[in-house]
Every structure is written in structure tokens, then in C-alpha cells.
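Accompanying notes for the structure given below.
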Amino acid sequence: MNYVLIALAVIPSFALLKYVYDKDRTKEPPSLLIKLFFIGAATCLPAALLETGFEGVLNLFFDSPQEGELSYYISLFIFYFFGVALVEEGLKWVAMLIITKNNKEFNSLFDGFVYAIFVSLGFAT
């Protein structure tokens, strides 16, 4: 049963990866794409650690606001925008930048889209 759930979770990502790879006219090296996929997956751990730390710091400024209070919604906005979205997207961007910055295969605009999708789907998977 667990294998079925894992397959159902992973199949959409791999289907999207195949679709993007097939649409790329100048095929990127599979070794680079696999590396980008796994570096995207590896960014989950630092993202979780940074988000947890950010939440702890945020709790110092907002002393347990109750739902319905303005400070509750402000703290949620700050946490989800800065503590989650910027952390996750920033880590994926840095990971992609490190691997592709001086790569000779990065020779067209569409390559950037392909690389970003592989990193993002690695994180999502």
C-alpha cells in the first residue's frame, strides 16, 4: 500500500520532467538534469531548518497572537512570505546558480527554464 502512495506522489513530477525534457530542442545532458533534480531535493533540509529558525525568531516579536487579532494575520503573512516563500525559492535559486553559473551547456534562455523546473520538481518530489 505504501508503494502505491509513493508512486502516486512521484509519478506527476516525473511526468512533468519528461514533458519539459521532450520540449527542449537542444537537449541538456541528463547528468546535469539529474544533478539539478537531486540538488533541488537536497534543499528541503536547509529550508526546513531555516523556516523553523525564522518561526522561532518571529515568535519573539509576536507573543502568541490569537486568531482574529490583527497581529495574528500580520505574523502569518510575515512567516509565509519571508519565512517560507523567500527561503524556499531563494535556496532553489542559489542551488541552481551554483551548478549552472559557469556551465557551458547553459547557452539559451530556455535552458534556464529547464534547469529551474528540474530543481523545483526535485524540491517538490
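Taking the stretch 58-76, which residues are closer than 30 Å to Ala42 by Cα and surrounded by 10 or more Cβ atoms within 10 Å (Cβ to Cβ)? Step through it out loud before you land on a result.
Of all residues in the stretch 58-76, those closer than 30 Å to Ala42 by Cα come to 58-60, 75-76.
Those that are closer than 30 Å to Ala42 by Cα and surrounded by 10 or more Cβ atoms within 10 Å (Cβ to Cβ): Leu58, Asn59, Ser75, Leu76.
What is the residue count in the stretch 44-63 for residues that are within 14 Å of Tyr80 (Cβ to Cβ) and among the small types (Gly, Ala, Ser)?
Of the residues in the stretch 44-63, 1 are within 14 Å of Tyr80 (Cβ to Cβ) and among the small types (Gly, Ala, Ser).
Just to be sure I understand, how many residues within the stretch 93-125 are open to solvent by 30 Å² or more (accessible area, probe 1.4 Å) and touching a Ser or Thr at 6+ places or on another chain (Cβ under 7 Å)?
5
Could you tell me which residue of the stretch 77-111 is farthest from Leu45 (Cα to Cα), considering only residues that are among the small types (Gly, Ala, Ser) and touching a residue at least 12 places away in the same chain (Cβ under 8 Å)?
Ser108
Which condition breaks for Leu16 when tested against (1) in a loop (DSSP other than H, G, I, E, B); (2) of a type outside the set (Asp, Glu); (3) open to solvent by 60 Å² or more (accessible area, probe 1.4 Å)?
Among (1) in a loop (DSSP other than H, G, I, E, B); (2) of a type outside the set (Asp, Glu); (3) open to solvent by 60 Å² or more (accessible area, probe 1.4 Å), Leu16 violates only (1).
Which residues, counting only those in the stretch 22-41, are open to solvent by less than 90 Å² (accessible area, probe 1.4 Å), among the aliphatic types (A, V, I, L, M) and out of contact with any helix residue (DSSP H, G or I) (no Cβ under 6 Å at 6 or more places or on another chain)?
Filtering the stretch 22-41 for residues open to solvent by less than 90 Å² (accessible area, probe 1.4 Å) gives 22, 24, 26, 28-33, 36-37, 39-41.
This time we only want the ones that are among the aliphatic types (A, V, I, L, M), so: 32-33, 36, 39, 41.
Within the stretch 22-41, Leu32 is the sole residue that qualifies.
Among the listed residues Lys23, Lys35, identify the single one that is within 20 Å of the chain's Cα centre (by Cα) and either within 27 Å of Ile11 (Cβ to Cβ) or hydroxyl-bearing (Ser, Thr, Tyr) (or both). Don't jump to the end; show me each part of the working.
On the way: Lys23 fails: within 20 Å of the chain's Cα centre (by Cα).
Unique residue meeting the criteria: Lys35.
The values are calculated or read from the model by the stated rules, or taken from the named source; none is laboratory data. These figures come from a predicted structure and were not determined experimentally. Using ideal geometry, Cβ is built from the backbone for each residue, glycine included, and neighbour counts are taken over all protein chains shown. Areas reflect the complete protein model, heavy atoms only, side chains present, ligands, DNA and RNA absent. Shrake-Rupley method; radii C 1.70, N 1.55, O 1.52, S 1.80 Å.
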